[in-house]
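Below is one structure; the comments refer to it alone.
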């Protein structure tokens, strides 16, 4: 996939109407207050640049899963209010997406003004990438900017379809994601160490396949490690395991060996009798977990071994926690690995989702080179798949 895409700095914007796809899918509490506005602040550099060029800015986004019909619970009203505060100028919210209110507001929008269309997923046509819907959205503007990396792996009307009707470029956020992650995959500073965790091997098959072609060391922790341990003949007690993936695990271990990749699995684990925050913790050898215990975190020896491999890395890509980090008693592995990555001098890239949440929660966010804003999108990126929301943009 070509990551060398035109950005907002490569196109004439003066006085033009610009449609910008953002990712404003923010968490709300029961009173519809925004509990974390990271995704909104992440869009500001692009919006401010467009305004500095006297563009008339039409923002759009989805929020939640309203299943193709209007639902006040998923209205973008709180987002428009927060944007108004952050930008210091009014951001008008259309009452609809492609209806009479959107028509009126977009046609009267002047250079230097900003508006927000209502939730694009209030229309079934959005997720179906319906050409008529995309064409109508595109008719509001003269240029299309995609800055929503979190939905770049989806071929929806507002993330890809509109690019059939308008010159399409990326905003600062997508440009940062593809330039940092693209360089890590295509021309990494070595040694290149990938750390994969999380519950399931099945979620990461494509990623493991692709990374084994590129990395010097692959570290596997979290729930997915037990499938590999069992594949090698170890006893894993009641730990998480995908029995239908044992052959695949053996194949990957063979592939790593053939390619000279250092494939690291836990040697000890912190285990408990049940999945609970207050469960008594026992440290056991990974391939000798007693029948009545389940592994919930990596153990101290494993922490040392993994940290040693991370210490001298040139590039680190991390996706997925090392254990049940939501429970303090079983968060030590994830915390220790976060610390090792933070203290290494590597280019450190954290895939979105749980890994990003863990890094934020543990307080290491400012020590990382890059934390991806998209969970699913960053995984597909690491798999080497083509992302429709990026493929549709003009090449440099």
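Quick note: the coordinates plus some simple rules give every number you see, no bench work behind them. Computed from a prediction, not measured in an experiment: that's the story for all the values here. Cβ placement follows ideal geometry from the backbone for every residue including glycine, while neighbour counts extend to all protein chains displayed.
When the helices in the chain are scored as -39500 (n - 2.57) per DSSP H run of 4 or longer and the sum is shared across all residues, what 222 nm value do you end up with, to the nearest 500 deg cm²/dmol?
Roughly -10000 deg cm²/dmol at 222 nm, from the helical runs in the chain.
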* Structure fact -> If the label point sits 7 Å along Cα→Cβ of residue 130, residues of the range 87-111 with amide N under 14 Å come out as 97-99
* **Theoretical gain in end-to-end length, residue 328 to residue 267 [0.36 nm per residue, Cα-Cα removed]** => 19.8 nm
* To do: Evaluate 2.2 N^0.38 Å with N set to the residue count of the range 106-250, then give the Cα radius of gyration divided by it.
  => 1.49
* Rounded to 5, percent antiparallel among DSSP beta bridges of the chain -> 20 percent
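Based only on other Cβ atoms within 10 Å, what is the fewest-to-most ordering of 302, 159, 283?
Numbers: 302 26, 159 29, 283 13.
The order, fewest Cβ neighbours first, is 283, 302, 159.
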* To do: Please report 392, 241, 22 as a ranked list, fewest other C-beta atoms within 10 angstrom at the top and most at the bottom.
  => 392, 241, 22
* Structure fact -> Quick numbers on the range 78-125, Rg and Dmax over C-alpha atoms in Å, give 11.2, 34
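Pop the C-beta distance of residue 243 and residue 360 into the FRET formula with R0 = 35 Å and round what comes out to the nearest 0.05.
On the way: r = 34 Å, r/R0 = 0.97.
Computed FRET efficiency for residue 243 and residue 360: 0.55.
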* Structure fact -> Among the range 1-44, those whose backbone N falls under 19 Å of a label point 7 Å along Cα→Cβ from residue 396 are 1-13
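Once you have the Kirkwood Rh of the chain from its Cα pairs, apply Stokes-Einstein at 4 °C and 1.567 mPa s and quote D in µm²/s. Kindly include the intermediate steps, with their values, before the conclusion.
Working: Rh = 22.3 Å.
Taking Rh from Cα pairs, D becomes 58 µm²/s.
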* Report the dimensions of the range 186-330 along its three principal axes from the alpha-carbon atoms, largest first, rounded to Å. => 45, 31, 22
* Asked: Going by how many other beta carbons lie within 10 Å of each one, how would you line up 337, 371, 58, fewest first?
  -> 371, 58, 337
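Given a Förster radius of 25 Å and the C-beta distance between residue 202 and residue 385 as r, what FRET efficiency does 1/(1 + (r/R0)^6) yield to the nearest 0.05?
0.95
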* Structure fact -> Using alpha-carbon coordinates alone, the radius of gyration and Dmax of the range 215-282 in Å work out to 13.4, 43
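Report the antiparallel proportion of the DSSP beta bridges in the range 8-173 as a percent, rounded to a multiple of 5.
Numbers: 1 of 19 bridges.
About 5 percent, rounded to the nearest 5.
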* Apply the Kirkwood formula to the range 1-133: the hydrodynamic radius equals the inverse of the mean of 1/r over all pairs of different alpha-carbon atoms; give it in Å with one decimal. => 15.5 Å
